[in-house]
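This report refers to the structure that appears directly beneath it.
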Amino acid sequence: MKIVAIILREYKQIVKKKSFIIATILTPALMAAFIFIPMLLTKVGREEKVIKIVDYSDMIRGDLLKIGEDSKYLTEKLKLKFTADTELIAEQDSLIKNYENDLKEKKAGEFKLTNSYKNEILDKKIDGLLIIPSDIEDTRRIYFCAQNISDFELNRFINSSVKKVLSTKILKEKIEDPGIVAIVEKATAEIKPDLFIIKEEGATKSSSGTAYMMSIFMLTILFSVLMGYGQLIMRGVIEEKNNRIVEVLISSTNTQSLFYGKIIGIGLAGLTQVGIWMIMGWLLMGKFSLGIDKSILNFLSLELGIYFVIFFIIGYFMYSILFSIVGASVNTDQEAQQYAAPITYLLIIPFMIGIMVTQNPNTPLVVGTSLFPLFTPTLMFMRISVATPAFSQILLSIFTSLGFTILLAWFGAKIFRVGILMYGKKPSIKEIIKWIRYK
């Protein structure tokens, strides 16, 4: 069969290219690096930080130092050490009160540190200075000074620890019964949540950060593959059209066989690449996890891999038909980019909505857009990766997309048979629609 020969030709042309081999190896490696390296660095790249406490209220310092001594979390995760000044510089307290007065009077207050404290930070004797003002009960304001204030985990811990200590102190001052004091301490103890994703097969431990990053990671791969192979088909058609190779091919077959053969052959090459990625991922995650969080391994399930392949196939055929129509209709890359821009937007829009899906995967807007065929491959897969929707919704999206793709292929073949032999003049959208009517 001639269509089989065309499929094999297109498939071999793609997989034999050095660019295919390089992309197969480098694409997942680079994407994984952007996701996993920062996560690994947060574990192994953290150095011990020394935070000095300057407490003018004389309410916080002692308990914070005790937290630093007793907390295993600080030594293992944050690698944080608290120190404190017993003799406080009165000038600094005055500078803080001046700053707070400026804030009350709605002036642009300038926060100042005494040279002694400032030099300790600049000379790297300490990594940060935590200042507790004398009126903290009223202002509920603390001051943290450092050369680097972008450590979100450290900032969160300091804020929650000070809040806990202050709340406990205020309650204890009003209560004399030791039994009630113990109840207060128990009531204000820090909560340590464990997060679990619930699926049919059971509950798996995860974290909100891991689920979010892995969902975006998988969506990015799907988006990149669909865009990459769509552009590849479009440029391949333009090149063969301009080199008149297509005329030779049509002399031995028909345009319909050429159209479907190209799409299926290049699609099989894409599926081969995705298959290699899945095998690589399984081997690396299964055998050489490199200390990566176990929740990542739980996320990359066999079920998710199957859905990835299904929506890749649907998305590939849907968008490759659109890109091949563009390639057959135009004569230059510049013209192709103009016509391909709306198709690109159709891929970018659900990618942007997909980021919102991680927080609200079942809102009417998200459900509706995920069932729209052109958005289904990316958005429905994103919903599945975050919180698997009802199976009926997944089936509906798959069958709706398949029906739409079949209809699109019928229109595409009609446009392709005329456009592939049109040279010189750039056709208008109106002319392209007329090609569908030709018999």
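Things to note:
- Less than 5 angstrom separates the built amide H of Asn254 from none of the residues sequence-distant by 5 or more or on a different chain.
- Shown here for segment 105-162: chymotrypsin sites (Phe, Trp or Tyr not before Pro) in loop regions (DSSP other than H, G, I, E, B) with at most 16 other Cβ atoms within 10 Å, namely Phe111.
- FRET efficiency, 1/(1 + (r/R0)^6) with R0 60 Å, evaluated for Ile22 and Tyr438 via beta carbons: 0.90
- Residues Arg437, Arg9, sorted so that the one with the fewest Cβ neighbours within 10 Å comes first: Arg437, Arg9
- Checking the Cα-Cα distances for Lys81/Lys125; Lys107/Lys163; Lys107/Lys169; Lys52/Lys97; Lys125/Lys169; Lys2/Lys262 against a 23 Å cut-off, the pairs over it are Lys107/Lys163; Lys107/Lys169; Lys125/Lys169.
- Calculated from backbone phi, Karplus (6.51, -1.76, 1.60) coupling profile of segment 131-142 in Hz, x at Gly/Pro: 9, 9, x, 5, 9, 4, 4, 8, 7, 6, 10, 10
- Scalar couplings 3J(HN,Hα) for segment 91-104, obtained by applying the Karplus form with A = 6.51, B = -1.76, C = 1.60 to θ = phi - 60°, are 4, 5, 5, 5, 5, 5, 5, 4, 5, 5, 5, 4, 5, 5 Hz; x denotes Gly and Pro.
- Per-residue 3J(HN,Hα) values for segment 48-65, derived from phi via the Karplus relation 6.51 cos²θ - 1.76 cosθ + 1.60 with θ = phi - 60°, read 5, 10, 9, 10, 8, 9, 10, 10, 7, 8, 6, 10, 9, 3, x, 5, 5, 4 Hz in sequence order (x marks Gly and Pro).
- Ranked for footprinting exposure by Cβ neighbours inside 10 Å, fewest first, Lys106, Lys79 give Lys106, Lys79.
- Amide proton proximity set for Asp55, modelled H, under 5 Å, gap of 5+: Asp85, Ile132
- Rounded to two decimals, the Cα-based Rg/Rh of segment 309-389, with Kirkwood Rh, is 1.06.
- Set of segment 145-173 residues, backbone N closer than 19 Å to the point 7 Å along the Cα-Cβ line of Asp138: 166-167, 170-171
- Near the amide H of Gly128, within less than 5 Å, lie the amide hydrogens of Val50, Lys52, all on another chain or at least 5 residues away, with H placed in the peptide plane.
- Net charge, Ile321 excluded, C-beta distance under 15 Å - Lys, Arg +1, Asp, Glu -1: +2
No lab work stands behind these numbers, since they all come straight from the coordinates. Bear in mind the structure is a predicted one, so any value in this text is a computation, not a measurement. Cβ atoms come from the backbone with ideal geometry, glycine included; neighbour counts cover every protein chain shown.
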